[in-house]
1. Residues of segment 112-157 being under 18 Å from ASP246 (Cα atoms) and hydrophobic (A, V, I, L, M, F, W, C), which ones?
2. Within segment 414-434, work out how many residues are under 48 Å from the mean Cα position of the chain (by Cα), surrounded by fewer than 16 Cβ atoms within 10 Å (Cβ to Cβ) and under 14 Å from ASP382 (Cα atoms).
3. For segment 212-317, which fully contained helices (runs of 4 or more DSSP H) count at least 1 residues that are charged (D, E, K, R) and farther than 27 Å from ARG191 by Cα?
4. Can you name the condition, by its number, that GLY376 falls short on among (1) buried (at least 19 other Cβ atoms within 10 Å of the Cβ); (2) touching a strand residue (DSSP E or B) at 6+ places or on another chain (Cβ under 6 Å)?
5. Is it true that SER329 is touching a residue at least 40 places away in the same chain (Cβ under 8 Å), closer than 30 Å to GLY179 by Cα, of a type in the set (Gly, Ala, Ser) and open to solvent by 10 Å² or more (accessible area, probe 1.4 Å)?
6. I'd like to verify a number: residues in segment 95-116 that are farther than 19 Å from SER33 by Cβ and assigned to a loop (DSSP other than H, G, I, E, B), how many?
7. Just one of ALA79, ALA83 is farther than 27 Å from VAL224 by Cβ, among the small types (Gly, Ala, Ser) and open to solvent by 40 Å² or more (accessible area, probe 1.4 Å); which is it?
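The values are calculated or read from the model by the stated rules, or taken from the named source; none is laboratory data. Treat the numbers as computed from the prediction; the structure is a model and nothing was measured. Backbone-built Cβ (ideal geometry, glycine too); neighbour counts: all protein chains shown. Accessible surface is based on the protein model in full, side chains and every heavy atom, while ligands, DNA and RNA are left aside. Shrake-Rupley method; radii C 1.70, N 1.55, O 1.52, S 1.80 Å.
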Amino acid sequence: MTPVPRPPAPVFTKAWEGRFAEATDPEVERFTSSFSFDRRLYRYDIQGSIAHTEALGRAGLLTEGERDTLIRGLKEIEAEIAAEGDRLQAAAADEDIHMHIERRLVEKVGEVGGKLHTGRSRNDQIALDLRLYLREETRTLLELIRSVQRALVAQAESNLDVVLPGYTHLQRAQPVSLGHQLLAYYEMLERDRGRFIDCLKRIDQMPLGAGALAGNSFGINREVVARALGFSDVTANSLDTVSDRDFIVEFLSAASILMMHLSRWAEDWILWASSEFSFIDLPDRFCTGSSMMPQKKNPDVLELIRGKTGRVYGSLLTLLTLLKGLPLSYNRDLQEDKEPLFNAADTVKSALRLLADLVRQVSFRKERMLEATREGFLLATDLADYLVLKGLPFRQAHKVVGKIVRQSLEERRPMEEWTLAELQTFSPLFKGDVFDSFSLTGSLQRKGGVGGTAPQSIEAEIRKIKRKLKG
């Protein structure tokens, strides 16, 4: 009986093919591939691979020639990927950017390329790539925040004497300087900078050498690798290292708070740009029109900053949900950390770049702001403070002025038009100097403490900020 010929063994191209008896299902390959989004990490992956190659050489695992060959090949691949850009295509074997680079390295330099992965796992490799990427992104964000802050300070300095209504509950409350309002956004951003600076401390720990989960067996000096890559420290526990994404959660948390601040600011200026407020005029190039209504000028950039805030929040929630049930150590779920991270980082950078330019170009309608201060009884609190200085307890002073406001509303008559005799029917403490309280300038000047809206307080704060910006 003629034996039935056995089919040829399948040809595998996966790095882990030795363990498996059949090829990966094509649908599984499509489902599990991360190349389409993690390819943007190629520079960091090659940077880490070069540092790892040098460490293998120091550990005696590569000859000097092998080390140089690998490094030369890696640099050629970096140039190759940079030239390809978005046209870069993955081979069937390329599950991710790591395997693409390793495959191309073997194609370029031969079997010695297979030595690159000695003592390294994709688990600690991607942890390194993400930390390198996020370190750079965080530093970029810090620079962009500073750019917006500088624009705010310049506008604040130019608008110290511009008065507009300050609002609580979206109701006119007390007069404030426009410079003071602009510096409020500066302070929000300064807290954001502090959070990102603090986040950098946790990012700045080098994970390479953790291996798949238990460390490496080749005596690689992790501290030397850390210094080569510009890290100040190494991670302390290999199990934690390969599964830790706290640094991403922390970054996304800081990014979410930043976007919340930008969204609040955007909402202010969306209102200010409306006909009902008319406090600002946005440059045409930051607005769009209507496909139906020819007169419209819509603040779309500000509206999208407000809208895209939810996208960044979603990235944070995605990561928190992803991590909440994962056992130690690495799990493939962690592949899902990259797209929300990349999306959030790109969104925040775009918002900051646009806002820095917008702040420099916006026009403030100062006369309209001043006109708005004449409505809404903005000096009522100053009138109550006057009575307090005359010896009346504040709660009683509040009640007296409240009655004056009510009477003014009934008579449709501005409070500033009341005569001294009429005011004295509410309280005999009113004297001729009461009319000093009906001054916008005086109201601002009286708020002269640290953090107040008096021009001299704002000038002092600007001097302090400028020293900080130079540092």
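1. Correct list: ILE126, ALA127, LEU128, LEU130, LEU132, LEU134.
2. Qualifying residue count, segment 414-434: 1.
3. Of the helices (runs of 4 or more DSSP H) lying wholly inside segment 212-317, those with at least 1 residues that are charged (D, E, K, R) and farther than 27 Å from ARG191 by Cα span 222-228, 238-243.
4. Of the numbered conditions (1) buried (at least 19 other Cβ atoms within 10 Å of the Cβ); (2) touching a strand residue (DSSP E or B) at 6+ places or on another chain (Cβ under 6 Å), the odd one out for GLY376 is (1).
5. no
6. 2
7. Sole residue among the options that is farther than 27 Å from VAL224 by Cβ, among the small types (Gly, Ala, Ser) and open to solvent by 40 Å² or more (accessible area, probe 1.4 Å): ALA83.
The rows are residues; the columns are (1) open to solvent by less than 40 Å² (accessible area, probe 1.4 Å); (2) in contact with a helix residue (DSSP H, G or I) (Cβ under 8 Å, 6 or more places away or on another chain); (3) modelled with pLDDT of 95 or more.
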| position | (1), (2), (3) |
| --- | --- |
| ALA236 | no, no, yes |
| ASP240 | no, no, yes |
| ARG245 | yes, yes, yes |
| VAL249 | yes, yes, yes |
| ILE257 | no, yes, yes |
| ASP281 | no, no, yes |
| SER291 | no, no, no |
| ASN298 | yes, no, no |
